[in-house]
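Below is one structure; the comments refer to it alone.
Nothing in this text is a laboratory measurement; each read-out follows from the coordinates by a stated rule. Note that the structure is predicted; figures quoted are calculated from it, not measured. Note that each Cβ is placed from the backbone with ideal geometry, even for glycine, and that neighbours are counted across all protein chains shown.
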């Protein structure tokens with residue numbers, strides 16, 4: 001392992017100062033242990049190796065610090081894959097920047113440096129997920145959430161088991177519609193150039209952003225609703241845990257009265273929830289034809305009302321979507 005490369009990586013992905021110091025301390029004190037874990041990651045599933053290694057530590061805090069150091073150290077092996085394929089360094093550092101996001105989330109939750117989302121970050125380390133502009137794209141085989149009915153599966157534009165690109169929305173930035181369109185365009189060029197044999201049928205995404213009932217809370221011109229308009233909504237569910245976490249990011253989910261109201265999105269969502277309504281989650285697909293994004297099938301207001309079991313909607317406070325959010329739950 002090249003410590004100078006790893007330190008440079010920490011700086012380029014804006015890893016926090018505490019996290020960077022933690023990584024370098026672990027590398028200095030337990031270099032051989034980290035090197036052995038990284039080597040094992042080249043032979044066995046990354047997530048299982050990292051979980052197993054940290055479980056042998058004396059306490060959770062030390063195990064979390066070791067996981068963070070090992071995740072950073074594994075990036076050197078991933079960088080070699082990028083170089084072999086000729087993928088630009090800019091994409092490498094943009095993609096690995098997700099480590100910093102999840103390391104910050106960990107510190108915000110526990111109060112000390114570490115890392116917990118190893119199942120999720122293994123996609124990045126295995127070079128099967130890439131950040132291209134605003135969005136992330138993951139090599140994937142189409143599967144459907146458990147709440148999808150058989151009829152919906154049969155009618156879906158991307159068939160079960162077909163190659164596709166799973167779209168993820170990293171937290172921390174506004175969901176600008178034009179930037180999302182630019183990301184889709186980048187994905188066509190990227191996968192056509194660096195994965196020419198990967199012929200995919202379309203894009204899939206599961207997120208609270210795609211819940212059809214959001215139409216009751218957000219105006220059509222909001223970035224969230226414009227993003228949703230790209231997708232054919234295949235199925236949905238009223239599980240609102242992801243929406244509440246992504247919109248409000250509460251320390252303790254449950255006390256709605258104390259949810260923040262510092263953005264119009266949060267105000268509108270809080271008002272909606274306090275009125276006895278629910279949010280949910282949706283699963284969408286975009287069928288591609290020769291690399292072009294087809295226009296999605298929009299749901300009628302009658303269908304949305306049926307989903308929500310609503311009478312005609314009352315006019316809601318206009319809301320934007322400037323709050324930070326991240327739809328992944330890995």
With Rh as the Kirkwood radius over Cα pairs, the stretch 129-308 has Rg/Rh of 0.97
In units of 2.2 N^0.38 Å, the Cα radius of gyration of the stretch 195-246 is 1.36
From fewest to most C-beta neighbours within 10 Å, the residues 144, 115 line up as 144, 115
dims of the stretch 3-125, Cα set, principal axes, largest to smallest, nearest Å -> 41, 29, 26
The helix 264-274 Cα axis meets the longest alpha-carbon principal axis of the chain at an angle in degrees, between 0 and 90 and rounded to 10, of 70 degrees
The helix 89-110 Cα axis meets the longest alpha-carbon principal axis of the chain at an angle in degrees, between 0 and 90 and rounded to 10, of 80 degrees
For the chain, the longest principal axis of the Cα atoms and the Cα long axis of helix 3-12 enclose an angle in degrees, to the nearest 10, of 20 degrees
The stretch 128-219, convex hull of Cα, quarter of hull surface, nm² -> 7.1 nm²
Most exposed first, judged by fewest Cβ atoms within 10 angstrom, 90, 257 run 257, 90
Fewest-first ordering of 178, 94 by Cβ atoms within 10 Å yields 178, 94
